[in-house]
Amino acid sequence: MDRVALDKPALRLMVPPKGQQRYTVPTGTRGHVEWQLIDEDGWNTPVCQQDLTPLDV
């Protein structure tokens, strides 16, 4: 599986509580995505993983 890197400005976007953020990845990208957040006290949350699901356009 090849890694896809997102640009740093996109990764620095703030997400409000119970909000969501979408990122565009190249067509045909497969695999899973991993993410980790910083909580309100400045601590890292556990790493989460989810399989990529293509959107029907």
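Taken over segment 28-46, the residue count meeting the criterion of being within 16 Å of residue 17 (Cα to Cα) and part of a loop (DSSP other than H, G, I, E, B) is 8. Residues in segment 6-17 that are farther than 15 Å from residue 36 by Cα and either part of a helix (DSSP H, G or I) or not acidic (Asp, Glu) (or both): 9 only. When segment 47-57 is filtered for residues that are surrounded by 10 or more Cβ atoms within 10 Å (Cβ to Cβ) and assigned to a loop (DSSP other than H, G, I, E, B), the ones remaining, listed by number, are 52, 54.
Computed from the coordinates by the stated procedures, all read-outs in this text should not be read as laboratory data. Given the structure is predicted, the values throughout are model-derived calculations rather than measurements. Neighbour counts run over all protein chains shown; Cβ positions are idealised from the backbone, glycine included.
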